[in-house]
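Read through the structure below, which is laid out as structure tokens, and then see the notes.
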Amino acid sequence: MSGIEADGGNLNWQLIYVSPSVEKVRGYTPEEAMQQELAEVLTPDAAEKAMHLYLELIAPENAPALIKDSLNIELDHICKDGSTICMDCNLSLMKDDDGKPVGILGVSRVITDKKRAAEALKKSEEKFRSLYNLSPQAIALCEIHTGKLVDVNDRLCELTGYQKSDLIGRTTTEIGFYSEEDRSIFLQELAAHGCVNGLEMDFTASNGATLTALMYSRPIQFHNAEYLLTIFNDSVAALESVMIRTFEPMDGE
């Protein structure tokens, strides 16, 4: 916890109180921390962010009754050893009897590990998304309990002739990809082994053509929920297509 003084509504960023926990968090004693200027407490980007926040807290200046009481903000703080930590700060505006700002009361908690984990998760999901979209194989992501498709890549649309909007929110049996019997075989394989590895299945394209693919599927965690990721290895379907074109009679034959 910390307190910052304002003079006549103009923040001078002078710390007037710092709780003892600052030593554990940033390495400074409370006495040392209270002697620091803003540039010694926050990183340059965080300091600029804090200044903009203060202007938001006191806006509009000519209508004290409308001044916001508190805001939450994430700010990077500088530690005594030169490292930085991210803290979630709840900042409350302190006012005098006339409603004019006289300071800010801040309550902060360290969220560095949480932020790093969130950033790592975001990078991981971005990598997954890139591989998902660039894969030469058809891929579908569905809800593991309902079987409803939540996403498909472009290759699956190319293979089946469906638009993505035709598929999302529907099950494969609703669309007509598989019969209920074939779907049951797929689910039995999944239940028995926890995944599906190379199960040959026929599925129906939008034009009614029957295609054959080797199915690979396993549960995955994505956006804090469990889904079923299925890859359609359509090399069998591609080979059939080539053979059909090869043996089609030429014009004039």
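The values are calculated or read from the model by the stated rules, or taken from the named source; none is laboratory data. Computed from a prediction, not measured in an experiment: that's the story for all the values here. Virtual Cβ from ideal backbone geometry, glycine too; neighbours counted across all protein chains shown.
Scanning segment 12-33 for residues that are out of contact with any strand residue (DSSP E or B) (no Cβ under 8 Å at 6 or more places or on another chain) and small (Gly, Ala, Ser), we see that the one that is farthest from Ala47 (Cα to Cα) is Ser21. Can Lys115 be described as in contact with a strand residue (DSSP E or B) (Cβ under 7 Å, 6 or more places away or on another chain) and not assigned by TED's automatic domain parsing to the domain that holds Asn207? Yes: the conditions hold for Lys115. Of the strands (runs of 3 or more DSSP E) entirely within segment 88-198, those holding at least 1 residues that are within 14 Å of Ile231 (Cα to Cα) occupy 138-143, 149-152. Cβ-Cβ distances below 7 Å connect the following pairs, each with a first residue in segment 191-210 that is over 16 Å from Gly161 (Cβ atoms), a second residue that is of a type in the set (Phe, Trp, Tyr), and a separation of six or more residues or different chains: Val196/Phe186; Val196/Tyr216; Asn197/Tyr216; Gly198/Tyr216; Leu199/Phe186; Met201/Tyr178; Met201/Phe186.
Among the residues of segment 146-155, write down those that are at pLDDT 90 or above and out of contact with any Asp or Glu (no Cβ under 9 Å at 6 or more places or on another chain).
Asp151, Val152, Asn153, Asp154
Looking for something touching a Leu at 6+ places or on another chain (Cβ under 7 Å) and on the phi > 0 side of the Ramachandran plot - is there at least one such residue anywhere in segment 193-201? Yes, segment 193-201 has at least one match. Of all residues in segment 175-199, those that are among the charged types (D, E, K, R) and modelled with pLDDT of 90 or more total 1.
Here's the yes/no breakdown for (1) in a loop (DSSP other than H, G, I, E, B); (2) modelled with pLDDT under 90; (3) in contact with a Gly (Cβ under 9 Å, 6 or more places away or on another chain):
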{"residue": "Leu211", "(1), (2), (3)": "no, yes, no"}
{"residue": "Pro219", "(1), (2), (3)": "no, no, yes"}
{"residue": "Ala238", "(1), (2), (3)": "no, yes, no"}
{"residue": "Ser241", "(1), (2), (3)": "no, yes, no"}
{"residue": "Asp251", "(1), (2), (3)": "yes, yes, no"}
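If the condition is being without any contact (Cβ under 8 Å) to a residue 40 or more places away in the chain and under 28 Å from the mean Cα position of the chain (by Cα), then segment 88-112 contributes Asp88, Cys89, Asn90, Leu91, Arg109, Ile111, Thr112.
Starting from residues that are farther than 25 Å from Arg26 by Cβ and either touching a Gly at 6+ places or on another chain (Cβ under 6 Å) or among the aliphatic types (A, V, I, L, M) (or both), keep the ones in segment 92-126 and report whichever is surrounded by the fewest Cβ atoms within 10 Å (Cβ to Cβ). Filtering first and then ranking leaves Leu121.
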